[in-house]
Structures are given as C-alpha cells and as structure tokens.
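Before anything else, here's the structure in question.
A short reminder: the numbers here are calculations on the coordinates, not readings from a lab. Just so you know, these numbers come straight off a predicted model, no measurement behind them. Neighbour counts run over all protein chains shown; Cβ positions are idealised from the backbone, glycine included.
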Amino acid sequence: MNQISVLDESRGDVVISTDSILPQFKVYTLKDIDRIVQLQALPESVLFEMKVVSSILPFRVNQYVIENLIDWSNVPDDPLYQLTFPQKDMLPPHVYQQMAQLMQQNAPRAEIQSLASALRRELNPQPSGQLEMNVPVASDGKRLNGLQHKYRETVLFFPTQGQTCHTYCTFCFRWAQFVGDEELRMASTDTSELHKYLLEQPGVTDLLVTGGDPMVMKTRHLAALLKPLTEPAFDHIRTIRIGTKALTFWPQRFVSDSDSAELLELLSQLVKAGKHVAVMAHFNHWREIDSPMAGRAIALLRQTGVEIRSQGPVLAHINDSPDVWAKSWAMQVKAGVIPYYMFVERDTGARQYFEIPLARAVTIYREAVKQLSGLGRTARGPVMSASPGKVEVQGVTEINGEKVFVLRFLQSRNPDWSYRPFFAQYCEKATWLDQLKPAFGEQEFFFEREYNAMQSRR
Ligand SMILES: *Cc1c(COP(=O)(O)O)cnc(C)c1O
Ligand code: SF4
C-alpha cells in the first residue's frame, strides 16, 4: 500500500493511504451525467435541467470534487455543488426555454448544437473587449491570438494545452473558451511566438500564464514554456505567475501525479534562477481548502520557494457572506497563502445567477477584513475587471450631502489613471461599472473621453 504524510489541521501530520486519495484523475462531462452515482438520488426533472444548461454552458467535474468537496446531504444548496453543477436558473428564462423545448422533442444533435451556438452569443461570451482590444501584434505584423497585452508590465499567455480545467466552475468568465466555438476562443499561439514577443518587449516584467488552467498541462509542456525564461535574454521577465485552481480541484497535481515531482523541481529551478514565481490560486470557498490533500499540495508548493496568492469572485449562492470570506482568508494566511484579489462577477455567461450589488460586495469585504489581522487584509477588492481597467470599489461615503461610491483603478489602459480616487452616484442595485453614473452632476468619468478615443482607434 502506498502511503504519504498529510498535514491535518487538527491532528498534525497524519499518514494516509494513497489508495484512498484517488490517484487516478477521472472526469465527467455532459454525456456522462447519468453515470454520476450521487446524482441518481435527484429527481429526473433536475437531471434534465442540468442537461439543458450544460448543452450551452460548459460542464466538467472530476471525481475528487464529487467525493471530497461536495456535501451531498446539502444539495442543491451546498456551495461546492453550486460551484460545479449546472442549475436551471443559470440561464436567462427565454434561453433555457428554447433549449428545453428542442431537447424535449429529441431533436437531432446538429440542431441542438446550432441552437446552442446561437444562444451562447446572447450571453456576452467575450466581455470587456478581450478579443478586439488586448491582442498584441508582433513586429512582423502577425496578430498573436494566444496573448493578451492590456497593461504595460504584464503579458498574459494562454497555452494551447492549458485551455481546459480539472473541473469547470459554473460562473466562469472564460466559459466561452471551453465550448468549442472557434470564433469565441482566444486561439493560442505557440511557445516560440510568446518567447519572441517577450524578447521584443523589454518593458514587460511579468508573464501571467493562464487558461483554462495551465496546471492541466504535463510538466514537460510547462518546462518548454518556462525554462527558456531563465536565459539572460529574458532577465527583464522578473515575475512568472501561473493561474490555477488545481490546488483545490486536483491537488494531486502537486502531490501524486506521475510528473508531480518534476513539476515541483521545475518551479524550484525557476525560483533558484532568480524569478519571482507566483501561483495565483483560485479559491471560492474555505471548504475547498479544508482538505488534507489541498493542505499537502500547498505545503509542497511552498517548499519550492514559490509564493501562493489567492483570488476569486464574490458570488451569490456560493460565498456572498462575510464569514465565508473571513474564514477562507484566515485559513489561507495560516497555510502561508497571500490573499490578493476579491473580484466582482463579470458580465458574461451565468452572471445574472451569481451577481450581487456592488454595495453588498463592498459590505462583505469590509465585514470580512474587520475580523482579521493585517495579514488577512491583503486582498484588494471588490474589483471589477472592466474594459478600461481594474476598478476597485473602495467604499461608500457621503460628500456634500451626496451618497457616493469611492472608486479607483488598480490597473488601467493608461497607467496614469491608476490609484486616483473617483466618485460615482451611490446605487443600491448596480452590479457593474456600466451601471454607475458620475457623482456631483458631472457628465462623464475622468477617463471616459480618452478611453473612447482608444476604442475608436483600434
Ligand atoms: C489583472 C490583470 C493583470 C495583472 O494585473 P496586476 O495588477 O499586476 O495583478 C494583467 N493583465 C490583465 C488583462 C489583467 O486583467
Ligand atoms: S478554474 Fe478558472 S478558468 Fe477554470 S472554470 Fe474555474 S474559473 Fe474558469
């Protein structure tokens, strides 16, 4: 029997058998819904709803999440169930109805797929001008489709082999990447094109590898991408960030996969070569972190010298409570993870199901940090990743008798917009920047004229 030692919150180090920790990755998608044993206890109508929704939004869940994270005695309210299993109300009613009708008639596959494609287009598949405004052009005039270069210092790379995840989150703003419609996808560029582009850009200091989840990639693919950056020509790339949810959705990636040891060795080599390597861990609920396997993965990663920073959106049905955030941040700090961003759910896909008013989000943030020491207060937020930049809602106050939101850019298309406070009329219901109006009777926000000019120039 294979055994590993696992850090357990209450008991210290305990030895567990790897036979009980699902060494094999096993995943279920739309066509396997009827084979998920735990779902068989649910009414037939719920399974049908699930199939309707997942014909439009992506669905993928692995056995570890099903067995270790979801509390099946608390379905459908369980936050981890809401995070991974499609629910009827995740689609606008008219979108749901159209697809449900077609599927009730047992329509042919091709017809279902073509309706699905059409309906996806109603769900704002590429929010914030991602496809049009952020794709850089190489010196030879070629559009680099697997790259985004929106903020001066940082280039995002979407590697081909990383365009899926161990499990899909139901709220995911990258959902269009996963459903197979070519035009909705940020097609990837090969690694050599990324390296060439970085060589041409001495002003870029940060590379952010994202997806999907790059940790679904084999270590040898990650090595081909990252190892060359240790050469002197790439000295300007000081920071390498890797966005992932694997720490909680498949922690085995760092512990017991066939190439886990090589992965830890690769990260350790990058650190030794002088790079700041940050694993940008995506967490949505403390219950994900509260697992021996995740604890083990975090501990092993930290031994390589990488920093782990965490981010995730505030979401109705999943984590719209100060206590959930306070507990999550407290557990993270204890494990050595640095809270980084609290996001606002973006204007795409199932957003109407998950969104909460900005006013509520800012209260959740404040009520959560109030419970923690300074080390638990390092996340900035709530932040809207909007087309002009990342806008943080700092708070609500009253100025000259007018109730306002205090806002600022944390990142912006024009770097000079950042960290200047600006004000919007308070609105109890607003959920996104485009619903906010400038305060004090002003006609537009300070950046709007310049931003509009940028848009018309492209
Ligand atoms: C958030 C983000 C970054 C990184 O910004 P930081 O402030 O350095 O965390 C880079 N590019 C895009 C498109 C982003 O949304
Ligand atoms: S892990 Fe990230 S990219 Fe993957 S589905 Fe979840 S939110 Fe989307």
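Order these by the 10 Å Cβ neighbour count, fewest first: LEU115, LEU91.
By the 10 Å Cβ count, ascending, the order reads LEU115, LEU91.
In this model, which of LYS275/LYS429; LYS327/LYS429; LYS370/LYS390; LYS275/LYS437 are farther than 32 Å apart at the alpha-carbon?
Check vs 32 Å cut-off fails for LYS275/LYS429; LYS275/LYS437.
Using the number of other C-beta atoms within 10 angstrom as an exposure proxy, rank ILE338, ILE356, ILE318 with the fewest first.
Neighbour counts put them in this order, fewest first: ILE338, ILE356, ILE318.
Quick one: which residues, 5 or more positions from ARG380 or on another chain, have an amide H under 5 Å from its amide H? H modelled 1.01 Å from N in the peptide plane, none for Pro or chain starts.
TYR341, MET342
So what's region 24-123 giving for Rg/Rh, alpha carbon basis, Kirkwood Rh from the mean inverse pair distance?
Radius of gyration over Kirkwood radius for region 24-123 works out to 0.97.
Put a dot 7 Å past each Cα toward the Cβ at LYS370 and GLU402; how far apart are the dots in nm?
Simple spin-label model gives 2.8 nm for this pair.
Follow-up. Pairs of alpha-carbon atoms within less than 8 angstrom and 6+ residues apart define the contacts here; what relative contact order does the chain have, in percent?
Reported relative contact order: 12 percent.
Follow-up. Please order TYR451, TYR419 by the number of other Cβ within 10 Å, starting at the fewest.
Result, fewest neighbours first: TYR419, TYR451.
Roughly how many Å is it from the Cα centre of region 434-458 to that of region 203-221, as a whole number?
Each part's Cα centre sits 33 Å from the other's.
Please list the non-local residues whose amide H lies under 5 Å from the amide H of GLN411, H modeled 1.01 Å from N, same-chain partners needing a gap of 5 or more.
For GLN411, whose amide H was placed from the backbone, the distant partners under 5 Å are LYS390.
Sticking with this one: Under the rule of -39500 (n - 2.57) per DSSP H run of 4 or more residues, summed and divided by the residues of the chain, what mean residue ellipticity at 222 nm is obtained, to the nearest 500 deg cm²/dmol?
Counting only the DSSP helices, I get -8500 deg cm²/dmol.
Karplus couplings for region 392-406 from phi (6.51 cos²θ - 1.76 cosθ + 1.60, θ = phi - 60°), rounded to Hz, Gly and Pro as x?
Going residue by residue, I get 9, 8, 7, x, 10, 8, 10, 10, 6, x, 9, 7, 9, 8, 9 Hz, with x marking Gly and Pro.
Can you compute the radius of gyration and Dmax for region 133-246, using only the Cα atoms, both in Å?
My reading of the Cα-based Rg and Dmax gives 13.8, 42 Å.
Right, another one. Quick one: Karplus J couplings for region 371-383, per residue in order, coefficients 6.51, -1.76, 1.60, θ = phi - 60°, nearest Hz, x for Gly and Pro?
7, 10, 6, x, 5, x, 10, 8, 6, 8, x, x, 10
For a quick check: with amide H placed at 1.01 Å from N, whose amide H comes under 5 Å from ASP320's, ignoring anything fewer than 5 positions away on the same chain?
Sorted by chain and number, the residues that satisfy this are LEU315.
Return the sequence-ordered ³J(HN,Hα) values of region 298-308 in whole Hz as given by the Karplus equation 6.51 cos²θ - 1.76 cosθ + 1.60 applied to θ = phi - 60°, using x for Gly and Pro.
Here the 3J(HN,Hα) series is 4, 4, 5, 4, 5, 5, 7, x, 6, 8, 10 Hz.
Hand me the trypsin sites (Lys or Arg not before Pro) from region 290-374 located in a DSSP loop with no more than 13 other Cβ atoms within 10 Å, in residue order please.
Taking region 290-374 and a limit of 13 other Cβ atoms within 10 Å, the loop trypsin sites (Lys or Arg not before Pro) found are LYS370.
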